[in-house]
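The values are calculated or read from the model by the stated rules, or taken from the named source; none is laboratory data. Source: prediction; values computed, not measured. Every residue, glycine as well, gets a Cβ built from its backbone with ideal geometry; the counts of neighbours run over all protein chains shown.
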Amino acid sequence: MLIDCPDCNARVDGEVVGSVEFVNDPDEVDEPRRRLSLLRCPVCGNPLVALDVLSTVSESGEFWLSAERIWPPCTMLSPSIPAKIRDSLEEADKCIRSGAFTAAVAMTGRALEAMCRHFGTKSDVLAGGLKELLDREIIDKRLFQWGDELRINRNLAAHATGERFHGWHAGSLFTFALAICNYVFVLNEQFAEFLEHKDDVNKLMKQLVESLRGRKAKRTVVRGNPKRLWTLGHPSRRTQFRYEGSVADGCMLLQVGNPKIEASFFQAALMTFSGREVRGGFKEDDPPRDSFGEWIKNNSRSINGRCLTPRHASFIAAILCHETGVTSRLDGASTGVRALLVAAGEQEDIRPFFA
Ligand SMILES: [Zn+2]
């Protein structure tokens, strides 16, 4: 069973020591069968516990969705982010995973409040706190703008305004909050570390030259070998396409206009849909609400720097499924067969959920 081993920091084929199959609520007709397995990492020998869900049963056998590692627990947030802020972000993430989007927005706002408190801002309200962080140059103008947007939405979410938040909305705001925290705590710390060691110029320069050389060589190889993939969906409706690059380095679709998909846009998509099942929504004009296609359409200009359509979303989804822990399945329950993505935040964080 494929699973991410935190000690090896790699995806491994875990040896199944034992499994128990069960359903959460036996009275519920549509309740999926789940399987809890104790695994042993074939590399380091450490124990791992995985949970996976039965997706479909056909003549060719049972199809189980990729297993989620539930022990040791997955961590997504950097330990450099102070615990009180991390707690709120983790809570917001949990809300998004369980579809409580309004609560997620409120918790995301709470993370910002915790950040203001961490820096001891004097103002009692978030607006004043953020302004103070800007004045003290802890955040810059752009982060202030993101923070202020979060503040406005958090006010709508926390009070009985009747405002309803959708998944992409909560996910986007969460992505912005995480970006602010990563900028303020993680990157600053890394930069301070860099400054501390910069005297060792020769060593650093050598490492830098080596890493650049490695990257250049890798890119050249990728460029020379476009990858060929099929889009997701029903076999009768899939099309083949070609692309260069990777999720990690960013991609270029080899088609009219050669649209580029930045690595940061892939990351934002993975973070937004982490642990959730989302409808493909690849229809050009009118993607369904809360679908992957709608998210690509609404967020590509701001995050990717160029507008992409739901049609591009079908290629992006296929690339994510090919290169990361994201999986897809066909949903035959509706009249048309459509693709569903089971998104994974990071390769070691695969949490399939049913919509
Ligand atoms: Zn291992």
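Each residue in the range 309-344 was checked for being of a type in the set (D, E, K, R), modelled with pLDDT of 75 or more and not in a helix (DSSP H, G or I), and 1 of them qualify. Of everything listed in (1) out of contact with any Ser or Thr (no Cβ under 9 Å at 6 or more places or on another chain); (2) away from the ligand (no atom under 16 Å from the Cβ), the single unmet condition for GLU62 is (1). The single condition among (1) more than 28 Å from the chain's Cα centre (by Cα); (2) closer than 25 Å to SER300 by Cβ that GLY171 does not satisfy is (1). Somewhere in the range 4-16, is a residue closer than 24 Å to THR175 by Cα, within 20 Å of the chain's Cα centre (by Cα) and surrounded by 13 or more Cβ atoms within 10 Å (Cβ to Cβ)? Yes, some residue in the range 4-16 is closer than 24 Å to THR175 by Cα, within 20 Å of the chain's Cα centre (by Cα) and surrounded by 13 or more Cβ atoms within 10 Å (Cβ to Cβ). If I ask for residues that are among the hydroxyl-bearing types (Ser, Thr, Tyr), away from the ligand (no atom under 16 Å from the Cβ) and under 27 Å from the mean Cα position of the chain (by Cα), which ones from the range 19-57 would you list? Answer for the range 19-57, where residues must be among the hydroxyl-bearing types (Ser, Thr, Tyr), away from the ligand (no atom under 16 Å from the Cβ) and under 27 Å from the mean Cα position of the chain (by Cα): SER55, THR56. Checking each residue in the range 1-18 for being assigned to a strand (DSSP E or B), within 13 Å of the ligand (Cβ to nearest atom) and small (Gly, Ala, Ser) picks out only ALA10. Residues considered: LEU156, LEU130, LEU143, LEU134. Of these, the only one that is under 24 Å from SER302 (Cβ atoms) and buried (at least 20 other Cβ atoms within 10 Å of the Cβ) is LEU130. Cβ-Cβ distances below 6 Å connect the following pairs, each with a first residue in the range 8-35 that is farther than 13 Å from VAL53 by Cα, a second residue that is away from the ligand (no atom under 16 Å from the Cβ) and part of a loop (DSSP other than H, G, I, E, B), and a separation of six or more residues or different chains: ASP25/GLU31.
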